[in-house]
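> Here's a structure for you.
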Amino acid sequence: MIRIFGLGIPWWIAVPLGIYWLVVVVLVIADDREPASTLLWLGALVFLPGIGVVLFLFFGRDWKVISGRRRWAQSYLPGMIATMDGIYERNRSAARLFRARHPSDLAADIATMIERENFSRPLPAQALEIFADTGECFARLEHDIAAARSFVHLDYFIWEHDALTKRITAALLERLAAGVEVRIVYDLLGSIRFRKAELRRLKAAGAHVSADVRQLFKLNYRNHLKIAVVDGIVGYTGGANLGQEYIDGGRRFPAWRDTNIRITGQAVAELQKLFALRWYEDEREDVLQASYLPPPAETPPQDSVLTQLVAHTIEWPWEAARRAHMVAISQAERTLRVQSPYFVPDRATYDVLINAALRGVDLRLMMTGVVDKHLPFWAAQTYYEPLLRAGARIYQYMGGFFHAKTIAVDTSICAVGTMNLDNRSLRLHKELMEWIYDAGLARRLEEIFDADLEQCREVTLEEVRATGPLRHFRNSCARLFSAEI
């Protein structure tokens, strides 16, 4: 018998257990995680050997590192970069225009950082529209699908089964009959609770349909993207998934408020690039060829909106979308308007927000006041007081469920996309933000923010400080479960 923690354990159990402990301690420490995360995993693996291993396999492995070593990523990414270099090369005039407009300002810093982390450069959009009405956005998407001549590519975290997906399915079936290629990606876990009858009909009609993130131990790294590309010349992204509730709130909410964009022209290539990356990993088919990319530009860049897409997936190690936000927030001089349904930020993002408020930037944060998930809503309340004390203003949208993910800086630049200000989006999920280097569209986004204020309640410091001890403990527990592990 061998005594461990005061317990007598047979040697034939103690020896393997000791070897197991030694191995997990070495492996977890060698990962160079944050100290709190390392201690948490060591505790789980040492004191709960069975359950701890299962939890670690699902939630503890760093797939950003592991995926970068996979052969498919090592073979595909260089070709993808080379293909996009051709797009950037033929848009040299847009690059010169960007440098002339932004020689050494915030936009230049964001663009440089995104290029170094994502190999993505500013490209001209022939037109860019911002939709605060999701119904109007999806109506345009239906019209664009109906007009498709070559292909339709859709990548959505959630594909529901309702009135909207029925209309989209009908439009896609009609285009399939006309010989148009259709490819659909949906997140396996995000869409798991919805019927797949429409997707099966589309597949039977010739569409290529793929469930993303199928590997059991990768389910924690979800595909949270929302991308639509039609014929390589029209693209959509934003907060809304494919579901009727993203238009009218469905059965759960009185209304729904989201922000989406439609772009045309050369900038659509970046959305196609992201779709192609997901499609290649899932299906090993390359759809980043000339026939799937925008033709050479006909509109001079002077008539275009300059945009730059930033994304982070487990294939890119830098969490570039999060870092772009941090650069924008840390360099804002006058105003910051930030929208996110959830507010459970990582430490670094939280600190730059507090720093901006302390510097005197007019920082206003808007999140949902109508709850869909209680844990993140409760956890968000633990972040309020320091931010309010620093001088920021916080609003809860009460007109329905609020789902927009936007940021506007100094009425000069802005971004719309899929990334929430919570740990999952900032560090785990596949996310994108479309940065828009245009003062007019930044002003438009600020006007949308101001209109949203009419349906908000402002959170005050007095209110936060009046929170009772039981509610405060509940909120703190919720924050604990939201921590990155």
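> Over 22 Å between Cα atoms, which of LYS196/LYS226; LYS273/LYS373; LYS196/LYS273; LYS196/LYS405; LYS166/LYS273 qualify?
Distance filter (> 22 Å) returns LYS273/LYS373; LYS196/LYS273; LYS196/LYS405; LYS166/LYS273.
> What is the distance, in nm, between label points placed 7 Å from the Cα along the Cα-to-Cβ direction at ARG96 and at GLU463?
Using points 7 Å along Cα→Cβ, the separation is 5.3 nm.
> Also: Suppose R0 equals 30 Å. What FRET efficiency, 1/(1 + (r/R0)^6) with r the Cβ-Cβ distance, do ALA82 and GLU333 give to the nearest 0.05?
0.20
> Counting heavy atoms of the protein chains only and a 1.4 Å probe, report the per residue accessible area for region 442-485 as a whole number of Å².
68
> Work out how much length VAL26 to GLU385 would gain on full extension: take 0.36 nm times their residue separation and subtract the Cα-Cα distance, in nm to one decimal.
Length difference between fully extended and current span is 125.3 nm.
> May I ask you to compute the full-extension gain from LYS373 to GLU89, defined as 0.36 nm times their residue separation minus their alpha-carbon distance, rounded to one decimal in nm?
97.7 nm
> Per residue and in Å³, how big is the convex hull formed by the alpha-carbon atoms of region 216-271? Walk me through the intermediate numbers first.
Working: hull volume 6.7 nm³, N = 56.
Dividing the Cα hull volume of region 216-271 by its residues yields 120 Å³.
> Carbon-plus-sulfur fraction of the accessible area of the chain, 1.4 Å probe, in percent?
Answer for the chain: carbon and sulfur cover 58 percent of the accessible area.
> Ok, one more. Can you order the peptides 447-453, 274-280 by their average number of other Cβ atoms within 10 Å per residue, highest first? Write out the running numbers ahead of the final one.
Values: 447-453: 16.3, 274-280: 22.9.
Going by the mean number of other Cβ atoms within 10 Å, highest first, we get 274-280, 447-453.
> Right, another one. When the chain is fully extended, how far beyond the present Cα-Cα distance does ALA170 get from ASP282, taking 0.36 nm per residue of separation?
Working: separation 112, 0.36 × 112 = 40.32 nm, distance 2.53 nm.
So the extension gain works out to 37.8 nm.
> Which order do the peptides 395-407, 342-354 take when ranked by the mean count of other beta-carbon atoms within 10 Å per residue, highest first?
Packing proxy ranking, top to bottom: 395-407, 342-354.
> Related question: Report the net charge of residues surrounding GLY249, where surrounding means a beta-carbon distance below 15 angstrom and charges are Lys +1, Arg +1, Asp -1, Glu -1.
Charge balance near GLY249 sits at -4.
> When you count, for each residue, the other Cβ atoms within 10 Å and take the mean per peptide, how do 112-120, 76-84 rank with the highest first?
In descending order of packing, they fall as 112-120, 76-84.
> Tell me which label goes with the value of percent of Cα pairs over 42 Å apart computed from the coordinates here: [x] 22; [y] 19; [z] 14.
Here the calculated entry is [y].
> Using alpha-carbon positions, what is the distance between the centroids of region 329-378 and region 117-166, in Å?
About 27 Å separates the Cα centre of region 329-378 from the one of region 117-166.
> Counting Lys and Arg as +1 and Asp and Glu as -1, what is the net charge of the other residues whose Cβ lies under 12 Å from the Cβ of PRO103?
Around PRO103, the surrounding residues sum to +1.
> At 1.4 Å probe radius, can you tell me the per residue accessible area of region 323-423 in Å²?
Numbers: 2850 Å² over 101 residues.
For region 323-423, the per-residue accessible area is 28 Å².
> Compute the Rg/Rh shape ratio of region 206-351: radius of gyration over Kirkwood radius, all on alpha-carbon atoms.
Looking at region 206-351, the ratio lands at 0.98.
> Still on this structure: Could I have the simple spin-label model distance between ALA205 and TYR350, label points 7 Å from Cα toward Cβ, reported in nm to one decimal?
4.8
> Calculate one ³J(HN,Hα) per residue across region 346-361 by plugging θ = phi - 60° into the Karplus curve 6.51 cos²θ - 1.76 cosθ + 1.60, and present them in order as whole Hz with x for glycine and proline.
Running phi through 6.51 cos²θ - 1.76 cosθ + 1.60 with θ = phi - 60° gives 6, 4, 5, 5, 4, 5, 5, 5, 4, 4, 4, 5, 5, 6, x, 5 Hz.
The values are calculated or read from the model by the stated rules, or taken from the named source; none is laboratory data. A quick note: this is a predicted structure, and the numbers were derived from the prediction, not measured. Positions of Cβ are generated from backbone atoms using ideal geometry, with glycine treated the same way; all protein chains shown enter the neighbour counts. Calculation scope for accessible area: heavy atoms of the full protein, side chains included, ligands and nucleic acids excluded. Shrake-Rupley method; radii C 1.70, N 1.55, O 1.52, S 1.80 Å.
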